1. Residue by residue through the stretch 452-480, note down the ones that are surrounded by fewer than 22 Cβ atoms within 10 Å (Cβ to Cβ), out of contact with any helix residue (DSSP H, G or I) (no Cβ under 8 Å at 6 or more places or on another chain), in contact (Cβ under 8 Å) with a residue 60 or more places away in the chain and not β-branched (V, I, T).
2. Just to verify a result, which residue in the stretch 264-280, among those that are assigned to a helix (DSSP H, G or I) and either touching a Gly at 6+ places or on another chain (Cβ under 9 Å) or polar (S, T, N, Q) (or both), is nearest to I240 (Cα to Cα)?
3. For the stretch 435-447, which positions are among the polar types (S, T, N, Q) and either closer than 10 Å to L418 by Cα or touching a residue at least 60 places away in the same chain (Cβ under 8 Å) (or both)?
4. Being within 21 Å of A179 (Cα to Cα), in the same structural domain as I275 (by TED's automatic domain parsing) and buried (at least 17 other Cβ atoms within 10 Å of the Cβ) narrows it down to one residue among A75, A56; which is it?
5. Among the numbered criteria (1) touching an Asp or Glu at 6+ places or on another chain (Cβ under 8 Å); (2) not in a strand (DSSP E or B), which one does N405 miss?
6. Before we move on, is T197 surrounded by 24 or more Cβ atoms within 10 Å (Cβ to Cβ) and modelled with pLDDT of 95 or more?
7. So for the stretch 398-418 (the condition being at pLDDT below 95 and either under 27 Å from the mean Cα position of the chain (by Cα) or on the phi > 0 side of the Ramachandran plot (or both)), does at least one residue qualify?
8. With respect to S41, determine if the residue is under 30 Å from K238 (Cα atoms), modelled with pLDDT of 95 or more and part of a loop (DSSP other than H, G, I, E, B).
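The values are calculated or read from the model by the stated rules, or taken from the named source; none is laboratory data. Predicted model, so just to flag it, every value in this text is computed and none were measured. Note that each Cβ is placed from the backbone with ideal geometry, even for glycine, and that neighbours are counted across all protein chains shown.
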Amino acid sequence: MAFTMVTLWWKVPICFLLCQVVSGAVRREGHYVAAVYEHESILSPAPAARVERRSALELMGRNLDIYEQQVLAAARQGAQIIVFPEDGIHGFNFTRSSIYPYLDFLPHSHSGKWNPCREPYLFNDTEVIQRLSCMALKNKIFLVANLGTKQPCGRSDPRCPPDGRFQFNTNVALAADGALLATYRKHNLYFEDAFDTPPEPDYAFFDTPFAGKFGMFTCFDILFFEPAVNLIRQYNLKQIVYPTAWMNQLPLLSAVEFQQAFATAFNVNILAANIHHPTLGMTGSGIYTPVKSFIYHNMESYGGKLIVAEIPVITADYKTNLESNEGFRENLHDSCRTSTSASLDDEVCFKEQEETPGRVSEKGKEQSPPSFYAEMMYDNFTFVPVWGEKGEVQVCANTLCCYLNYRRAVLTDELYALGVFDGLHTVHGTYYVQACALVKCGGLSFSTCGQEVTDATALIDFQLWGNMSTPYIFPLLLTSGVTLDFADHMGWKNNYYFLSKNRTSSGLLTAALYGRWYEKD
């Protein structure tokens, strides 16, 4: 991703977040130990200036020195795989010409046939991938990293750029013996003029002895069908590695919030490594299962963070929430999913004899306050205020109607609102969204609803549902301090998708159904 350059002082302590794993512990059967590193990259002070390859290697070498420390630290904690972030080695804000000295040569078709550490002279300009390969080999760990790569092309290729080369934002996966297993060239670029979009989407995955196949994609890709969703569905993948350089945008697209939602929606494990530059709004990494997470979100301090966690292998025959609801317009009577061990009254899991979800009582309709409009995520949402200790409200836009039953544990002076958006998002990307969102407003006036908020005190029991037109629903549940919570129940019921929670773990920031209608992009 490309962002405005800000001078940042570099200081990276070797620090660990150890989750369920201690040095020397025996891994449980059916589990593996993963690591991700949120890296505060050392950036070029003048990324638009052209430098020699030697100077570029010197800067990248300083970042690779940190990588080497973290690979060793992760391996000592028993990690079998480690993931590093997008742009972590070379940085960002380059032009097409100024990034050129930072690019390694990487033949796209050579995966699985080359060990850069053991065959360093096979290709020129491969110093970065050689060093990554040697880290993997030395520590006997699978390693995923992001780097810039180049591939020459000629006039016979009609897609060849005028300067005679392709430049790609590339992920590489290296085996524990240093061999190059897979490469992925980022498809959905985010204001990255230095790089080219590949002619066709890459469907990149690699095999491991401890967890089967892992799929790869990068950052902005997570919002689109190609290649992320198609990769998962076509190859039935259950483990994902995800380098990213994500700038947080509340209330619906903070890094940890959407990473967890994606893992939950597709019932996959995600190993997500983000860059760490708080002044640019960039933080948020984690190791996610569909029902649990080990995360790092820190906007207050600098320095990298290593996360290590033991998580269960999700096998290929494990049906995903989306796959089990292919016929969501036809037979959704029995879909009710429990996401955590937290208890909830059975009445929330709408039973056959009960009123169909998606219908607010006549009393609720009479009490519903008037709607208003406010901007959220650069889109014009229709809102209704959520007032009082308890109640029922509904709000509609186009074909989408959202419904909410709620009860506050203690009445606070915070303003909440239920918002709906059903349309094409056109700022910083073009994609179709259907969203039902219960959000805390930035203040007490309606105009503050949709603003970025990070703290809340209200504990709310709620049932949220909507008549979504797409099966691709990402459940969001974010609490005070940008921490994650998990729904008690979610799923489809009679053409409505619902999300329910009894008593959030802390003050509620966002509870939302974020639907992506890919066909309408």
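1. E452, N467, S469, listed by residue number.
2. T264
3. Within the stretch 435-447, S447 is the sole residue that qualifies.
4. Testing whether each residue is within 21 Å of A179 (Cα to Cα), in the same structural domain as I275 (by TED's automatic domain parsing) and buried (at least 17 other Cβ atoms within 10 Å of the Cβ) leaves just A75.
5. N405 satisfies every listed condition except (2).
6. Here the answer is no, as T197 does not meet what is asked.
7. no
8. yes
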